[in-house]
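See structure below.
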Amino acid sequence: MAVEKLVMMNVVGKNEYVDSVIKDIILFENVQIVDAYSEIDNFRFTINVTERNIQEILGFSELESGMKAANSEEFQDRLSLVEEMFGNEFKVDKNYLKKDIELDSVVSSVYRIYAAVHQKYLILKLYYNDLKQIDTSLKAYRYLESADIDMDKINNLENFNYTIGSLSKDSVDRLKRNYGNITAIVVHVGSDTDNEVYLVISPKDLETETNRLLKSLNFSRVEGIKREYPGKPADIIKWLEEKRRYFQSKVDILEKEIEGIKNTVRDESNYAYNVFYLYGKIADVKKEMAFSKDNFYFSGWVPTKKRGQIASILSKYKDIIVIFTDNHDPNIKTPTKLRNNWLFKPFEYLIKMYGIPSYEELDPTPFLSITYMFLFGFMFGDLGQGAIIFIAGVLLMKLKGMEFGKIISRLGISSMFFGLVYGSFFGFETVIPALWLKPFTNINTILSDAVVIGVVFMFIAYAFGIINQFRAKNYYEGVLSKNGITGLTLYVCLLLVVLPLITGDRWVSLQILLGIIALAVVLLFMKEPIIRKLKNKKETVGEKHKSSTGHYIEGFFEIYEIFMGMISNTISFIRVGAFALNHVGLFLAFESMAHLVNSPVASTFIYILGNIFILVLEGLIVGIQVLRLQYYELFSKYFKGGGTEFKPAKL
């Protein structure tokens, strides 16, 4: 449950093999890059002083930023060339890059590919552009096809201009209402999807006013009318269609020729694409490195359990120095790498929606995963509907590649389990026997058990919070804060005071409980002065003034907030039982409607509609309610956040 431990790795090596080292680090996919120049500048880049590396230490005075040394422009040009010629056919595959790369050979292969296809490709692009313009003109002239007019005459009118464009239905209504004020002749010539197309002829003297009016109507001009095209629209269309067939024949020939060349060089170009993509990443990494005349200096975070692997990978390079440091500088923020098994890992998405845990915290993912699945199933227990949710999650994951589908599928399994517990199948409670109870016939049990479950989860949340404070060495907060030992003690005592009112049995004397509660309140009220005293920290003049004026008022409201928070957080878990009852009650409503109709077909339709309604609407509401319980009732006790996610360099 702990966040994975990381160590800082510092590497010093020769510039002659820097690209190969970076390549190995990128393919390793477990190193987050750190600005090496900053590490050196702040004296955190430590190298043991030995006869072997004394030269590297002397090189520090000559360091310059990796930004100056890295120049990826050539690589990016080649990568753009490959992408332009082959589109999006290729995918990055690190298996292409595991062997040694002969960059000169790859560059030569790109030049060969370029020479073979470049000219044909440029001509093809010109034909594509011509076809696009022809299609635009054909669309425009077809609006005028029924008009038996000579385009030469209309194009050369001395006192009038014309244009073709479309208007929405709302704009057409506005046009009709104000037709008397329009300084133009407007003729309907066709339709375009949801819009109507009009020919507008206006006097040149009133062109400005006409354009202003058309703009107010959101008039969208139709492109493609060419003044250099003579003859009638029907003749122009015929000529354009012939021209289009000719160009299309040329395109078909060129596409076939280019496709033949691409088939010949596909593997070669795919390899080149991967190489240049890799070198683009290498250039990005170099921006975070430092360089001297002969050496490079690299820093990065590595999982502790991976340090042996990366050290072994880099050991093949001559005179390379690899140093690991696990004494983390408090002035730099160590990134957080969550490590969870297949069951819990999808729920990291919900954690990251709220924030990234700090490096010192326990990983909250397992606790959130278990409680989220449990609460969802408790609130939405149905074997049949749970199966639908499970299938929906699997389909989202398989067909759409949505990681959220993995969460949905797990919630479906939980719903199916509680469906067996409640004996519910698509809302019907007579199909399968209940392994525990029927919620609607055991209302008090469901509601009381929901509160008990909430109290147990709150205890665990308090325990996590205390552990996190001690891990971060905030011992005073871990003991004296509202989410520390004092707050937990107060919460337990309040429960023990209230419990006899429900059970009738008092386990601890009321006087003792009230005494402990009073002591806890005093400790919480005086927390700041006590911590200051324990730290032997003297108050400033401002703090003394504050303590003498506002401390008591602020402390009173804080204690009030603590009491209200404990009560409201506990009562909030009643909704878990309430939604379990609501799930049954909602189906009973649809079942009653189904019984009111005399048609079996209509009844079946109502049952299906009811299940769909429950699955979509209530399923969504339950999911949101469980998330709310996690974020507000539980996370507030133990989740600190403020961390940065571990993002390793990779392809």
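The values are calculated or read from the model by the stated rules, or taken from the named source; none is laboratory data. Worth saying up front: this structure is predicted, and the values here are computed from it rather than measured. Positions of Cβ are generated from backbone atoms using ideal geometry, with glycine treated the same way; all protein chains shown enter the neighbour counts. Ligands, DNA and RNA are excluded from the accessible area calculation, which covers all protein heavy atoms including side chains. Shrake-Rupley method; radii C 1.70, N 1.55, O 1.52, S 1.80 Å.
A quick yes/no check of all residues on (1) closer than 30 Å to Gly623 by Cα; (2) acidic (Asp, Glu); (3) not assigned by TED's automatic domain parsing to the domain that holds Tyr37:
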site: Gly300; (1), (2), (3): no, no, no
site: Lys306; (1), (2), (3): no, no, no
site: Ile320; (1), (2), (3): no, no, no
site: Phe347; (1), (2), (3): yes, no, yes
site: Gly355; (1), (2), (3): yes, no, yes
site: Ser358; (1), (2), (3): yes, no, yes
site: Glu361; (1), (2), (3): yes, yes, yes
site: Leu368; (1), (2), (3): yes, no, yes
ask   = For segment 403-435, how many residues meet the condition of being under 19 Å from Val626 (Cβ atoms) and either among the polar types (S, T, N, Q) or in contact with a helix residue (DSSP H, G or I) (Cβ under 7 Å, 6 or more places away or on another chain) (or both)?
value = 19
ask   = Would you say Leu499 is in a helix (DSSP H, G or I) and modelled with pLDDT of 90 or more?
value = no
key: Lone unmet requirement of (1) within 19 Å of Ile236 (Cα to Cα); (2) at pLDDT 80 or above; (3) open to solvent by 30 Å² or more (accessible area, probe 1.4 Å); (4) among the polar types (S, T, N, Q) for Ser146   = (2)
note = Residue hits (segment 136-169; touching a Leu at 6+ places or on another chain (Cβ under 9 Å) and more than 17 Å from Pro230 (Cα to Cα)) are Ile164, Gly165, Leu167, Ser168
request  = Six or more apart or on different chains, Cβ under 8 Å: which pairs go from a residue in segment 23-44 that's assigned by TED's automatic domain parsing to the domain that holds Phe296 and free of Cβ contacts under 8 Å to residues at least 12 places away in the same chain to one that's assigned to a loop (DSSP other than H, G, I, E, B) and buried (at least 17 other Cβ atoms within 10 Å of the Cβ)? Could you list them?
outcome  = none
request  = Considering only segment 223-253, state which residues are within 18 Å of Thr136 (Cα to Cα), among the hydrophobic types (A, V, I, L, M, F, W, C) and open to solvent by 60 Å² or more (accessible area, probe 1.4 Å).
outcome  = Trp239
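Tell me whether segment 582-597 contains one or more residues that are in a helix (DSSP H, G or I), in contact with a Pro (Cβ under 8 Å, 6 or more places away or on another chain), within 30 Å of Leu634 (Cβ to Cβ) and open to solvent by less than 50 Å² (accessible area, probe 1.4 Å). Can you show your working first?
So in segment 582-597, the residues in a helix (DSSP H, G or I) come out as 582-596.
Retained after the next criterion (residues that are in contact with a Pro (Cβ under 8 Å, 6 or more places away or on another chain)): 583-584.
Now restrict to residues that are within 30 Å of Leu634 (Cβ to Cβ): 583-584.
In the following step, the residues that additionally are open to solvent by less than 50 Å² (accessible area, probe 1.4 Å) were identified as 583-584.
The answer is yes; a qualifying residue exists.
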task = Looking for whichever is outside any helix (DSSP H, G or I) and either assigned by TED's automatic domain parsing to the domain that holds Leu519 or open to solvent by less than 50 Å² (accessible area, probe 1.4 Å) (or both) here; the options are Ile446, Ile432. Which one fits?
result = Ile432
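Within segment 562-573, track down each residue that is more than 14 Å from Leu524 (Cβ to Cβ) and either surrounded by 15 or more Cβ atoms within 10 Å (Cβ to Cβ) or modelled with pLDDT of 95 or more (or both). First the steps, then the outcome.
Just the residues of segment 562-573 that are more than 14 Å from Leu524 (Cβ to Cβ), to begin with: 567-573.
Residues satisfying the conditions are Asn569, Thr570, Ser572, Phe573.
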request  = Considering only segment 349-428, give the helices (runs of 4 or more DSSP H) lying wholly within it that have at least 3 residues that are open to solvent by 20 Å² or more (accessible area, probe 1.4 Å) and either in contact with a Leu (Cβ under 6 Å, 6 or more places away or on another chain) or under 30 Å from Tyr607 (Cα atoms) (or both).
outcome  = 383-399, 404-422
request  = Can you confirm whether segment 95-106 contains a residue that is surrounded by 15 or more Cβ atoms within 10 Å (Cβ to Cβ) and in a loop (DSSP other than H, G, I, E, B)?
outcome  = yes
inquiry  = When you check Lys256 against the structure, is it open to solvent by 60 Å² or more (accessible area, probe 1.4 Å), closer than 20 Å to Phe90 by Cα and outside the structural domain of Lys23 (by TED's automatic domain parsing), yes or no?
reply    = yes
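Taking segment 469-522, which residues are of a type in the set (Val, Ile, Thr) and touching a residue at least 60 places away in the same chain (Cβ under 8 Å)?
At the first step, the residues of segment 469-522 found to be of a type in the set (Val, Ile, Thr) are 479, 485-486, 489, 492, 497-498, 502-503, 508, 512, 516-517, 521-522.
Of everything in segment 469-522, nothing turns out to be of a type in the set (Val, Ile, Thr) and touching a residue at least 60 places away in the same chain (Cβ under 8 Å).
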